[in-house]
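Structure first, commentary second.
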Amino acid sequence: MQMDLRTLLTKPPRTDAELLRGIRQCVSIFEPERVQAWKPAPEEDIQNLERLIRQTFGRELPSSFKMYLQQMGEEDGGLLSKSLDYSLGDWNYFKGRNLARGAVRALNPPARSFIRKPPPEVPSWFFFYAPLMETGWGFSAVSEVSDELVKADGRQLFRTHDTFSRLLFFCAYQGMMNWPVGRGMALKYKADTFTSGLSGVHVLRAEARCPEEWLGPGYRLAEAFCRELEEQCSLSECWFSSGKCFCYFDGEGRPLEPDNRGYEEAHFVHYAGFHTGCGLTVCINFVLEYGPVLTFHIFSEDLCATKQLADAIFQRTERTEDRFSFTMLNDGLLPAWLRFCPDWS
């Protein structure tokens with residue numbers, strides 16, 4: 001078996017079958033047992049949800065979501081459910097059920113239910129909702145993109161301009177990035193580390209404070225920062241990256257400004273880039289908690305490219321010392337079939 005990250009991360013899948021195969025490959029790099037734990041939702045529950053969506057909205061179930069339900073709608077090994085902060089079987093009062101049945105119940109809540117229906121001005125339906133936190137994920141019922149997501153947060157509901165396909169693969173990608181952090185050998189971020197001839201897969205994870213002016217209208221300076229990194233460090237945006245735009249919008253698709261939401265609620269859509277020449281991928285998130293903060297992961301086999309990219313980020317931001325880690329996997333933890341680039345050996 002041979003697989004290179006360049007193909008996996010930069011070539012968009014043409015079908016749901018290709019999407020599923022890519023997710024399996026991404027998860028299996030370090031955690032193949034998670035794939036073995038997948039358990040599908042019962043076909044009867046999926047069909048009930050399909051009928052309800054067709055009758056209520058005159059639409060078909062998004063094919064990517066249906067694929068997810070048929071493969072792992074009852075147990076997904078933490079793929080999506082970990083991002084939702086719930087196991088599928090323990091989804092609040094849907095305990096012991098599956099995501100297909102939970103979505104049906106969210107659309108038809110029982111009397112005195114805590115579930116709140118979304119605002120009528122944004123036609124949508126939830127596949128996951130956490131009543132006590134008033135947060136959840138659902139699908140737009142009017143978008144031309146069948147699996148376009150919406151997100152409930154607090155007492156409002158916002159379009160994300162993202163899709164379920166990209167979100168699902170991004171969850172697998174995050175797992176790939178996070179796994180080595182807790183299992184690798186700790187390294188120091190010093191110049192001699194990057195000139196010592198060390199080789200192998202490594203991960204740099206860091207947090208940095210951004211200039212306050214990045215909070216300006218439309219967060220345009222934060223967007224420009226990602227574009228500058230692409231040019232300076234020869235990055236290409238990965239197919240599943242949800243772009244250089246912010247993920248909270250009003251009912252008409254207009255981006256909301258910081259003053260409308262509050263620092264603790266707004267955050268940047270995930271950005272993922274890949275350096276096709278050296279074997280490097282970077283994940284960037286921009287969050288607003290007590291001011292603008294950038295968090296990023298660099299997953300690479302090229303130490304010099306890692307330092308180049310990290311230094312380019314730190315030139316524009318202030319590094320947070322207590323939230324920084326730099327680790328490398330030894331050969332025993334690195335799959336022999338993993339290649340970053342086609343000519344890697």
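The values are calculated or read from the model by the stated rules, or taken from the named source; none is laboratory data. Because the structure is predicted, anything quoted here is derived from the model rather than measured. Cβ placement follows ideal geometry from the backbone for every residue including glycine, while neighbour counts extend to all protein chains displayed.
Could you list, in sequence order, the residues of region 22-38 that are among the acidic types (Asp, Glu) and either buried (at least 18 other Cβ atoms within 10 Å of the Cβ) or within 14 Å of residue 82 (Cβ to Cβ) (or both)? Talk me through it step by step, then tell me what you get.
Of all residues in region 22-38, those among the acidic types (Asp, Glu) come to 31, 33.
Matches in region 22-38: 31 only.
Within region 26-51, the residues that satisfy the criterion of being touching a helix residue (DSSP H, G or I) at 6+ places or on another chain (Cβ under 6 Å), under 12 Å from residue 103 (Cβ atoms) and part of a helix (DSSP H, G or I) are 45, 46, 48, 49. If we keep just the residues of region 301-311 that are under 23 Å from the mean Cα position of the chain (by Cα) and either at pLDDT 90 or above or over 15 Å from residue 282 (Cα atoms) (or both), which is surrounded by the fewest Cβ atoms within 10 Å (Cβ to Cβ)? Here the answer is 310. Considered as a group, the residues in region 137-147 that are modelled with pLDDT under 90 and touching a helix residue (DSSP H, G or I) at 6+ places or on another chain (Cβ under 8 Å) include one that is nearest to residue 242 (Cα to Cα), and that residue is 137.
If you check residue 305 against the conditions, is it outside any strand (DSSP E or B), within 22 Å of residue 215 (Cα to Cα) and small (Gly, Ala, Ser)?
Working: outside any strand (DSSP E or B): yes; within 22 Å of residue 215 (Cα to Cα): no; small (Gly, Ala, Ser): yes.
The answer is no for residue 305.
Sub-6 Å Cβ pairs linking a first residue in region 57-74 that is assigned by TED's automatic domain parsing to the domain that holds residue 146 and buried (at least 16 other Cβ atoms within 10 Å of the Cβ) to a second residue that is assigned to a helix (DSSP H, G or I) and among the acidic types (Asp, Glu), at least 6 apart or interchain, are 61/50; 64/16; 67/16, ordered by first then second residue.
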